[in-house]
Amino acid sequence: MGRGRWVAVLFAAHLTFAQNPVPPTTEIRTTSTLVLVPALVHSAAGELLLGLNANDFIVTDNGVEQKVALEEVERQPVSILVVMQTGGAGQRQFEYYRNVPTLLDAMGGSAKHETAVMTFDSAPEDLFPFVSNPARLKQAFTHPHAGDHGAAVLDAVNYAIDLFKGKPAGTRRIILLLSQPQDHGSKVHAEEVVRRLGENNITIFSVSFSPEKTWLKDQFTRERQGNPPYKMTGRPDIIGTFSLSTPLGVALKAMREDAAAEIASLSGGEHARFDDTRSLEEQLALIANQIPNRYLLSFSPSSNAPGFHALKVQVKGQADPVSVSARTGYWSSADTASAAIKQRPMLSPNHFVFP
């Protein structure tokens, strides 16, 4: 069946899109005077440390301590976008995804929440729009469309950022990335993704599979002549001319080696790996527990110098050592606040999926 096969579910809607093509979206960048920093705190025993207040945190921006406030998140609505690799070794993971909708509902918790799914291979592919009931997305996980040999992780995340446009200002925006660690085939520059992550308050949780382990497993469980070739090379050009001694250079180098983990770290999210159904569901259950228990720190930066800003978050006044997982950087665009406008095409109407 062709890639537009899902649209038959709502033929009338397909005609509407076909007769009225979706126009390109317009991205208008503006300068935000408030930086949000999601943070998760664990005790020395590995338990979540709750009940802290703003005065318990030290946040530095390029080494300069900032005045921090603690945002209220319990009643904020949540939008969760699953970005799922269907190309390359991603095709071998489909059998593990059947129970994901149930876990997505748990991620939203008691807050008002909605969920969507976007698949990708060498480019963004099918889109299952936001719905309030994740069960309506079951088909996306039980019968996903196998993609080509690509795994354009950075292109997919870059495109997914646009899908949150129009969400209310108080909405927590979360991307759940199910992919291999390394990017393969993206056209967007890594520094562009770093910039856009820093300009949008989106937290990324990535749960990755190993293409190498998948390939090795295939040698024992599948006919070798039927296995597509795996291309697991990274993007040698993404660090470009940046000095690896700078915070941005370090981030770009890390993104080359493990794009999925680094973009999660930059956004203040978490990264984990899975090998089968059980390990995937365990990791998603942990994420579901972490989302409502993250602190959301905020500050107005003392410096609006344009470019990449390195963040560091620490907890003070604790008798025992604690570990903090927090956003590691953001991007200030003070120099382009007037009107830097960029055209970005939407997915083809034939790739929209209506549950």
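The values are calculated or read from the model by the stated rules, or taken from the named source; none is laboratory data. Quick caveat: nothing in here was measured; it's all calculated off a predicted structure. Every residue, glycine among them, receives a Cβ derived from its backbone with ideal geometry; neighbour counts consider all protein chains shown. SASA here: full protein model, heavy atoms, side chains in, ligands and nucleic acids out. Shrake-Rupley method; radii C 1.70, N 1.55, O 1.52, S 1.80 Å.
Side notes on the structure shown:
- Count - residues of region 114-135 that are out of contact with any Phe, Trp or Tyr (no Cβ under 7 Å at 6 or more places or on another chain) and either crowded, with 22+ Cβ neighbours inside 10 Å or among the polar types (S, T, N, Q) (or both): 10
- Criterion violated by ALA152 - all others in (1) open to solvent by 20 Å² or more (accessible area, probe 1.4 Å); (2) in contact with a His (Cβ under 9 Å, 6 or more places away or on another chain); (3) not acidic (Asp, Glu) satisfied: (1)
Rundown of residues vs (1) of a type in the set (Ser, Thr, Tyr); (2) within 20 Å of ILE202 (Cα to Cα); (3) open to solvent by 20 Å² or more (accessible area, probe 1.4 Å); (4) touching a residue at least 40 places away in the same chain (Cβ under 8 Å), yes/no style:
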position: ASP61; (1), (2), (3), (4): no, yes, no, yes
position: GLU65; (1), (2), (3), (4): no, no, yes, no
position: VAL68; (1), (2), (3), (4): no, yes, yes, yes
position: VAL73; (1), (2), (3), (4): no, yes, no, yes
position: GLN76; (1), (2), (3), (4): no, yes, yes, yes
position: LEU81; (1), (2), (3), (4): no, yes, no, yes
position: GLN85; (1), (2), (3), (4): no, yes, no, yes
position: TYR97; (1), (2), (3), (4): yes, no, no, yes
position: VAL100; (1), (2), (3), (4): no, no, no, yes
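Matching residues to (1) open to solvent by less than 10 Å² (accessible area, probe 1.4 Å); (2) among the aliphatic types (A, V, I, L, M); (3) closer than 20 Å to SER265 by Cβ:
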site	(1), (2), (3)
LEU137	yes, yes, no
PHE141	yes, no, no
ASP162	no, no, no
LEU177	yes, yes, yes
GLU192	no, no, yes
ILE202	yes, yes, yes
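- Qualifying residue in region 273-291 (condition: at pLDDT 90 or above, in a strand (DSSP E or B) and of a type outside the set (Asp, Glu)): yes
- Filter pass, THR16 being open to solvent by 70 Å² or more (accessible area, probe 1.4 Å), over 17 Å from SER298 (Cα atoms) and at pLDDT below 70: yes
Matching residues to (1) part of a strand (DSSP E or B); (2) more than 23 Å from PHE274 (Cβ to Cβ); (3) touching an Asp or Glu at 6+ places or on another chain (Cβ under 7 Å):
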{"position": "ASN55", "(1), (2), (3)": "no, yes, no"}
{"position": "LYS67", "(1), (2), (3)": "no, yes, no"}
{"position": "VAL73", "(1), (2), (3)": "no, yes, no"}
{"position": "LEU81", "(1), (2), (3)": "yes, no, no"}
{"position": "MET84", "(1), (2), (3)": "yes, no, no"}
{"position": "GLY90", "(1), (2), (3)": "no, no, no"}
{"position": "MET107", "(1), (2), (3)": "no, no, no"}
{"position": "ALA116", "(1), (2), (3)": "yes, no, no"}
